[in-house]
1. Considering (1) under 20 Å from the mean Cα position of the chain (by Cα); (2) modelled with pLDDT of 95 or more; (3) of a type outside the set (Asp, Glu), say which one GLY89 fails and leave the rest.
2. Report every pair of residues separated by at least 6 positions or lying on different chains whose Cβ atoms are under 9 Å apart, first residue within segment 132-156 and in contact (Cβ under 8 Å) with a residue 24 or more places away in the chain and loosely packed, with under 14 Cβ neighbours inside 10 Å, second in a loop (DSSP other than H, G, I, E, B) and not charged (D, E, K, R).
3. Need pairs with beta-carbon distance below 6 Å; first residue in contact (Cβ under 8 Å) with a residue 40 or more places away in the chain and within segment 189-201, second of a type in the set (Gly, Ala, Ser); sequence gap 6+ or separate chains.
4. Say whether the condition of being over 20 Å from TYR154 (Cα atoms), touching a Gly at 6+ places or on another chain (Cβ under 7 Å) and surrounded by fewer than 18 Cβ atoms within 10 Å (Cβ to Cβ) is met by at least one residue in segment 47-60.
5. What are the residues in segment 18-46 that are of a type in the set (S, T, N, Q) and either at pLDDT 95 or above or loosely packed, with under 12 Cβ neighbours inside 10 Å (or both), if any?
6. Do we find that SER162 is of a type in the set (Ser, Thr, Tyr), modelled with pLDDT of 95 or more and under 30 Å from LEU31 (Cβ atoms) in this structure?
7. From the list ASP171, ASP128, which one is closer than 30 Å to ASP32 by Cα and either of a type in the set (D, E, K, R) or at pLDDT 95 or above (or both)?
Amino acid sequence: MPEATSPPLSRPLVLGSTSPYRRELLSRLHLDFQVAAPDVDETPLAGESPYGLAVRLALAKAKSVAAGFPDAVVIGSDQVADMDGEPLGKPGNHQNAVAQLRRMRGRTVVFQTAVSVVCLATGFEESDLAPVRVKFRTLTDEEIEAYLLAERPYDCAGSARSEGLGIAILDAIDSDDPTALVGLPLIRTCRMIRAAGVKVL
């Protein structure tokens, strides 16, 4: 009769994202983890809300990567800028970023940041959403150009990088999970990976 084996003290951890911002955030926890790229179509569905899109994509990314790491705890995350129910994605280039920031100046935009944790071996699956309300300053066209040329945040939802010079174009940030705006809500992430079997402390 084979010996009974006890569960591991801490399961392997995988970040299902190639984002350097999420990688840096997760590294703050001083945990060993691997990084793997998810294979997910990020096209919004017809009529899909920004928060619904963020949660769906975060879970899809986690599941996509978990298929290759069935024994690991896999983190997926996604962020969608939400302007009055309209999703704003990554601008991709200067022209689109200028247009986004012109629309957002003087306005409050909700950055919907979702995180999902999946472990196929145990059947664990959980998702959560960390909305961040961001008030943009009433920016001049010159300020928009100066900011974009200095930081080039074309890979950031909403064309702003709050952890850098982007903080200067904001009036206020309201969130209960302060790293959510950068791309990974660590308070929620810690809670979820602990529940999934990762020893954090």
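The values are calculated or read from the model by the stated rules, or taken from the named source; none is laboratory data. All values derive from a computational prediction rather than experimental measurement. For neighbour counting, all protein chains shown are included, and Cβ atoms are generated from backbone atoms with ideal geometry for every residue, glycine included.
1. Of everything listed in (1) under 20 Å from the mean Cα position of the chain (by Cα); (2) modelled with pLDDT of 95 or more; (3) of a type outside the set (Asp, Glu), GLY89 misses just condition (2).
2. THR138/GLY106; ASP155/SER19; ASP155/PRO91; ASP155/GLY92
3. VAL198/SER10; LYS199/SER10
4. Yes, segment 47-60 contains a residue that is over 20 Å from TYR154 (Cα atoms), touching a Gly at 6+ places or on another chain (Cβ under 7 Å) and surrounded by fewer than 18 Cβ atoms within 10 Å (Cβ to Cβ).
5. Correct list: THR18, SER27, GLN34, THR43.
6. No; evaluated as a whole, the condition is false for this residue.
7. Result of the check over ASP171, ASP128: ASP128.
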